[in-house]
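Step one of this worksheet: look at the structure below.
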Amino acid sequence: MAGVNKVILVGNLGKDPEVRHLEGGSVVANFTLATNEFYKDKQGSRIERTEWHNISAWRGLAELAEKYLKKGSQIYVEGKLRTRQYQDKDNQTRYITEIIAEEISLLGSRPQNAGAPGAAAAEASVSLRQEPELDQLPF
């Protein structure tokens, strides 16, 4: 039986997506997403904890991110965890864990200065699901 690797997050973008157009026509968008949780400490004080997540979106999802996502946007992201390694500028091996987005939905309202009046409700429901590539299927 295959394992399950599924992540669901709702949060706010920490910065505008960084979008790169790669050789061969592929597009990738990278951004950070903040999720918040609240709890009470032993003294009863309300504590907020923010967790930052690295998100990578490819192809159509990257184009959606480039067109609609801005710092502060509230979004729903569904995807899978992936850890990869790379060499930093000092030639040290580093590891990064990121979420590879498979679905992104915009939540909340559209920024006031983004487009025609009356379009906000339609734009607020923008959603896209990325279908897996044939070579990624487990069979």
Using the Cα gyration tensor of the stretch 1-65, with a ≥ b ≥ c the square roots of its eigenvalues, what is the shape: rounded (a/c below 1.5), prolate (a/b larger than b/c) or oblate (neither)? oblate
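Which order do peptides 82-90, 5-13 fall in by mean Cβ count within 10 Å, highest first? Walk me through the numbers on the way to the answer.
Values: 82-90: 8.6, 5-13: 14.7.
Peptide ranking by packing, descending: 5-13, 82-90.
Determine, for each peptide in 23-34, 95-106, the mean count of other beta carbons within 10 angstrom over its residues, then list the peptides with the highest first. Can you show the working numbers first?
Details: 23-34: 14.8, 95-106: 17.1.
Most protected by this proxy first, the peptides run 95-106, 23-34.
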Lys42: which lysines have alpha carbons under 21 Å from its alpha carbon, excluding same-chain residues fewer than 8 sequence positions away? none
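Just so you know, all these numbers are worked out from the coordinates, no wet-lab data involved. Values in this document were obtained by computation on a predicted structure and should not be read as measured data. Methodologically, a virtual Cβ is constructed for each residue, glycine included, from the backbone with ideal geometry; neighbour enumeration extends over all protein chains shown.
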